[in-house]
Amino acid sequence: MNGCGMGPASLTPTCQSASATFIRLLYLLPTKSSPFRRAIGGGALLCVAKSKSTAPSGSQEMVKAIRVHELGGAEVLKWEDVEVGEPKEGEIRVKHKAIGVNFIDAYFRKGLYKAPSMPFIPGMEAVGEVVAVGPGLTGRKVGDIVAYAGHPMGSYAEEQILPASKAIPVPPSMDPVVVASALLKGMTTQFLVRRCFKVERGHTVLIQAAAGGVGSLLCQWANALGATVIGTVSTQEKADQARADGCHHVILYKEEDVVARVNEITSGNGVDVVYDSVGKDTFEGSLACLKVRGYMVSFGQSSGTLDPMPLSALATKSLFLTRPAMFHYTNTRDELLETAGEVFANISSGVLRVRVNHTYALADAAKAHADLEGRKTSGSIVLIP
């Protein structure tokens, strides 16, 4: 996907002033209508300005948000006033009720992934109430409760402008805090076990960081699909959680040799698939745990960027390696709604039990990031505006 590519001439006079700083979020082209939801296309643009004036002019209003002016640790997350305009054609304005925290937010903050511009507002997931709709927009109305997961970035704010095509209607029976804690992680889990590698009864899977936000859901979903689930965790407390989530075998990686234990559990055969969100510290061990023609699914790098690896390393067991991103599995409006719908259905039915173990005020996002990266958390983290 490209940046929105909109020039200064398309912005409001307030945003064109010399004192303004622009944050460009990803521009999303209109999507094809789904059979059951009308997709409304459009771009997303959030304008953030520093002005000598204490009050915004025109249609600009001030809200609070977390901004990043320089790459670095959690301390670079700053609580600031920003301007948010009115939605344009194909857009909605959402007042957030709950905001999900994910490792990808830290990747952008540290520069492992490149943000669209500097400074920027992080965050890829939120639930809120529609407070304004763009001209001519149908299918969404003021008062609707909607969620989104993925692009455009910018959920660490009290309010946000979104493309209506990316808004997912939230069932009335679902708690916004639960949805904000589970939507991005749940949709990630869905494509990992249903499409990236299709887990079926009889498979044996290894889940690194089994007590994490995605790891917890992976354990539950893989178990429900009939797989034998092996999970790695750092503490006995997290081991207890992993077992409750459906792990048949839990490995304390600080005390046990993961590869040796997997070989013992599988009688030397190895596992069908490894889901590894840790990255640098676990990658080689994950490959060693695979069976012949096994699948290595590397979907995160919480311990750091992977070192270069020769392609010939896969030839020893004819292994498959993939580095997927959710955005490529929710490209269309139909894919987006179907993926989210399956997550909602599994939460409602009890297949997925969501643990909102940690909530922080939005202003305390820096502490949330520090705790997440310090492995002081388990389950999901939510920011409350």
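The values are calculated or read from the model by the stated rules, or taken from the named source; none is laboratory data. Note that the structure is predicted; figures quoted are calculated from it, not measured. Here the Cβ positions follow ideal geometry from the backbone for every residue, glycine too, while neighbour counts run over all protein chains shown. Just so you know, the surface numbers come from the protein's heavy atoms only, side chains and all, with ligands and any DNA or RNA stripped out. Shrake-Rupley method; radii C 1.70, N 1.55, O 1.52, S 1.80 Å.
When the range 90-113 is limited to residues that are open to solvent by 70 Å² or more (accessible area, probe 1.4 Å) and touching a strand residue (DSSP E or B) at 6+ places or on another chain (Cβ under 9 Å), the one that is nearest to K376 (Cα to Cα) turns out to be K97. Taking the criterion of being polar (S, T, N, Q) and under 21 Å from D371 (Cα atoms), the residues of the range 296-320 that qualify are Q301, S302, S303, T305. Would it be correct to say that G231 is at pLDDT below 95, within 23 Å of the chain's Cα centre (by Cα) and under 16 Å from T189 (Cβ atoms)? Criteria not met by G231.
From the list K141, K114, which one is free of Cβ contacts under 8 Å to residues at least 12 places away in the same chain, in a loop (DSSP other than H, G, I, E, B) and under 25 Å from S173 (Cα atoms)?
Exactly one residue qualifies, and that residue is K141.
Just for the range 144-153: of the residues that are in contact with a Gly (Cβ under 9 Å, 6 or more places away or on another chain) and within 15 Å of P172 (Cα to Cα), which one is most open to solvent (accessible area, probe 1.4 Å)? Among those residues, the one meeting the criterion is I145. Across the range 89-103, the number of residues qualifying as in contact (Cβ under 8 Å) with a residue 60 or more places away in the chain and farther than 17 Å from Y360 by Cα comes to 6. Among the residues of the range 114-137, the one identified as of a type in the set (D, E, K, R) and open to solvent by less than 30 Å² (accessible area, probe 1.4 Å) is E125.
Scanning the range 64-89 for residues that are of a type in the set (G, A, S) and surrounded by fewer than 23 Cβ atoms within 10 Å (Cβ to Cβ) yields G72, G73, A74, G85.
Output yes when any residue across the range 197-208 is among the aliphatic types (A, V, I, L, M) and under 19 Å from the mean Cα position of the chain (by Cα), and no when none is. Steps first, answer last, please.
Applying the first criterion (among the aliphatic types (A, V, I, L, M)) to the range 197-208 yields 199, 205-207.
Restricting the remaining residues to those that are under 19 Å from the mean Cα position of the chain (by Cα) gives 207.
Yes, the range 197-208 contains at least one residue that is among the aliphatic types (A, V, I, L, M) and under 19 Å from the mean Cα position of the chain (by Cα).
For the condition under 30 Å from H249 (Cβ atoms), open to solvent by 10 Å² or more (accessible area, probe 1.4 Å) and either at pLDDT below 95 or not hydrophobic (A, V, I, L, M, F, W, C) (or both), R140 does not qualify. L290 fulfils the conditions (1) among the hydrophobic types (A, V, I, L, M, F, W, C); (2) surrounded by 21 or more Cβ atoms within 10 Å (Cβ to Cβ); (3) in contact with a helix residue (DSSP H, G or I) (Cβ under 7 Å, 6 or more places away or on another chain) except for a single criterion, (3). Criterion first (closer than 17 Å to L183 by Cβ, touching a residue at least 60 places away in the same chain (Cβ under 8 Å) and open to solvent by 30 Å² or more (accessible area, probe 1.4 Å)) does V351 satisfy it? Yes, satisfied.
Taking the stated definitions as given, is S286 out of contact with any strand residue (DSSP E or B) (no Cβ under 7 Å at 6 or more places or on another chain) and either modelled with pLDDT of 95 or more or not in a loop (DSSP other than H, G, I, E, B) (or both)? So S286 does not fit the description; no.
Scanning the range 63-84 for residues that are β-branched (V, I, T) and either in a loop (DSSP other than H, G, I, E, B) or closer than 17 Å to G111 by Cβ (or both) yields I66, V68, V76.
Among residues of the range 300-325 being hydrophobic (A, V, I, L, M, F, W, C) and modelled with pLDDT of 95 or more, the one that is farthest from F103 (Cα to Cα) is A315. Considered as a group, the residues in the range 367-385 that are touching a helix residue (DSSP H, G or I) at 6+ places or on another chain (Cβ under 7 Å) and modelled with pLDDT of 95 or more include one that is farthest from V233 (Cα to Cα), and that residue is P385.
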